[in-house]
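First comes the structure, then the notes that go with it.
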Amino acid sequence: MKLSQIFTKTTKTHPADAESVNARLLVQAGFVHQEMAGVYSWLPLGLRVLNKVEGIIREEMNLLGASEVRMTSLQPKENWLKTGRWDTFDVLFKVPSQTGKEYALGSSHEEIVTPLVGAYVKSYKDLPVAVYQIQTKFRDELRAKSGVLRGREFGMKDLYSFHSSQEDLDAFYARVAKAYMRIFARCGLDVKMVEASGGNFSKKNSHEFQVHTDAGEDMIFTCENCNFGQNTEVATVKEGDVCPICGGVLNLKKGVEVGNIFDLGMKYTVPFELGYTDSAGSRSPVYMGCYGIGTTRLVGSIVEALHDERGMMWPREVAPFAVHLVSLSSRDEEMNARIMSSVMELYENLQSAGYEVLWDDRDASAGEKLADADLIGIPLRILVSEKTLRENSVEWKERGVSEVKLVSVEDILQAIEVFKK
Ligand code: ATP
Ligand code: MG
């Protein structure tokens, strides 16, 4: 894609939410646009990142054997009354209709998915079931001030699983935990799985997936040696304690919760009478788990964890493009024509070879183009100018690496092939 075709522009001005690094960089680079507190539109470059994150999640969910659905955002009040959450879920948006009726705006989908699955599951032969969706959620958050980390409208992947036994649920829960760790690793993040309370959902088994960054609102105990971790909200350990698993040193760090998994037990299946008939013909309630990932928060967390003073630094799998191609014009007309034909050929060759290329074809200064390349944060920058062409080369620069080198035009495809691995 040519940068001149994208309608957004980079900007030097800070948004109102400037204390948050992710909001500042995402807005300045034209990845998102703030509509009001906690509500963002996703623009071409930002949407490409979000789509890639969602693609990774979708792949891993499908590997678990879960099927994708899209449930409704407008939800019946009766369902929320049935679980008692109409009055207890503090951030629930309640929407009045002109008919006098009220609805809930989807902040989570237990109230929809449980009766939905109940319409199809009758016997043990119908279980297990796992369904997920990637969808916009709404929550009436009071503290919507951390950019896309805490929105009032935000993206979430929510997976729900239904089982005929606790053992089956436990086994699936463990598989989801592993899939989550793969998802976050593919997004370039070092994530710790920590014990959590279960908050609004249940008092049973629950784990959070925490990215360490100072933008985090949670305080997490993590062990230096082993995998032990606990959210301080529920911790059985306190400052100064050693790790209860290995005796190692416990650190207290700030974290952002990018995912959360819960063993819900029968909390929702009992009120919705979701049961099954076992092989002996007797009825029992179904065991249920739910598993969330904040997709838009995940993008914001990547920015928080991976940036420098110049801008964002996208990991390869989620970068909006693989290559940022920069052409610098020359004052000499003949040379300029050579630069243009050479960069156009490179642009087409790279795309034919299957690479996603963002070509900065704007009529802008070298300084502006290079600063924007750093801000946008694509992992590889390739520059064509009078200077490089005199050497029949292009300039190769990896984001986050200070070394700049010349690579000959003939070798460029091969070099990218190696870089991508
Ligand atoms: P938090 O404690 O941060 O308010 P939560 O525990 O209420 O989040 P869950 O109900 O577990 O959130 O939702 C699943 C995931 O959705 C969270 O792990 C988080 O990544 C994401 N998420 C929750 N609330 C928001 C929000 N307001 N904005 C963006 N992402 C969110
Ligand atoms: Mg949570």
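The values are calculated or read from the model by the stated rules, or taken from the named source; none is laboratory data. All values reported here derive from a predicted model rather than from experimental measurement. Virtual Cβ from ideal backbone geometry, glycine too; neighbours counted across all protein chains shown. Quick note on the areas: whole protein, heavy atoms, side chains included, nothing else; ligands and nucleic acids left out. Shrake-Rupley method; radii C 1.70, N 1.55, O 1.52, S 1.80 Å.
Scanning segment 236-252 finds no residues that are assigned by TED's automatic domain parsing to the domain that holds Val129 and touching a residue at least 40 places away in the same chain (Cβ under 8 Å).
Take the conditions among the small types (Gly, Ala, Ser), within 16 Å of ligand 1 (Cβ to nearest atom) and on the phi < 0 side of the Ramachandran plot and apply them to Gly248. Does it pass? So Gly248 does not fit the description; no. Just wondering, is there one or more residues in segment 354-374 that are more than 29 Å from Leu26 (Cα to Cα) and assigned to a helix (DSSP H, G or I)? Within segment 354-374, none of the residues are more than 29 Å from Leu26 (Cα to Cα) and assigned to a helix (DSSP H, G or I).
With modelled with pLDDT under 95, within 13 Å of ligand 1 (Cβ to nearest atom) and either farther than 15 Å from Glu233 by Cα or hydrophobic (A, V, I, L, M, F, W, C) (or both) as the only criterion, which of Phe184, Phe209, Phe201 stands out? One residue alone meets the criteria, Phe201. From the list Phe262, Phe321, the one residue that fits, being of a type outside the set (Asp, Glu) and within 16 Å of ligand 1 (Cβ to nearest atom), is Phe262. When Lys238 is tested against (1) basic (Lys, Arg); (2) more than 16 Å from ligand 1 (Cβ to nearest atom); (3) over 29 Å from Ala305 (Cα atoms), only condition (3) is not met.
Please indicate, with yes or no, whether at least one residue in segment 122-144 is farther than 24 Å from His33 by Cβ, open to solvent by 40 Å² or more (accessible area, probe 1.4 Å) and either of a type in the set (Phe, Trp, Tyr) or assigned to a strand (DSSP E or B) (or both). Checking segment 122-144: at least one residue is farther than 24 Å from His33 by Cβ, open to solvent by 40 Å² or more (accessible area, probe 1.4 Å) and either of a type in the set (Phe, Trp, Tyr) or assigned to a strand (DSSP E or B) (or both). Evaluate the following for Gly300: is it at pLDDT 95 or above and within 16 Å of ligand 2 (Cβ to nearest atom)? In short, yes. The one condition from (1) open to solvent by less than 10 Å² (accessible area, probe 1.4 Å); (2) touching a helix residue (DSSP H, G or I) at 6+ places or on another chain (Cβ under 9 Å) that Tyr355 does not meet is (1). Of all residues in segment 305-337, exactly one satisfies the criterion of being in contact with a Leu (Cβ under 8 Å, 6 or more places away or on another chain) and modelled with pLDDT under 95, namely Met335.
Does Ser165 count as assigned by TED's automatic domain parsing to the domain that holds Val39, out of contact with any helix residue (DSSP H, G or I) (no Cβ under 8 Å at 6 or more places or on another chain) and within 16 Å of ligand 2 (Cβ to nearest atom)? Spelling it out, it is not the case that Ser165 is assigned by TED's automatic domain parsing to the domain that holds Val39, out of contact with any helix residue (DSSP H, G or I) (no Cβ under 8 Å at 6 or more places or on another chain) and within 16 Å of ligand 2 (Cβ to nearest atom).
Restricting attention to segment 297-321, which residues are part of a helix (DSSP H, G or I) and of a type in the set (Lys, Arg)? Of everything in segment 297-321, those that are part of a helix (DSSP H, G or I) and of a type in the set (Lys, Arg) turn out to be Arg297, Arg316.
For segment 173-188, the set of residues classified as of a type in the set (A, V, I, L, M) and in contact with a helix residue (DSSP H, G or I) (Cβ under 6 Å, 6 or more places away or on another chain) consists of Ala179, Ile183, listed by residue number.
Of the residues examined, Val176 is one that is within 30 Å of Gly275 (Cα to Cα), in a helix (DSSP H, G or I) and either under 15 Å from the mean Cα position of the chain (by Cα) or at pLDDT 95 or above (or both). Within segment 218-276, can you find the residues that are among the hydrophobic types (A, V, I, L, M, F, W, C), more than 16 Å from ligand 2 (Cβ to nearest atom), assigned to a strand (DSSP E or B) and surrounded by fewer than 18 Cβ atoms within 10 Å (Cβ to Cβ)? If the condition is that a residue be among the hydrophobic types (A, V, I, L, M, F, W, C), more than 16 Å from ligand 2 (Cβ to nearest atom), assigned to a strand (DSSP E or B) and surrounded by fewer than 18 Cβ atoms within 10 Å (Cβ to Cβ), then Val242, Val249, Leu252 are the ones that fit.
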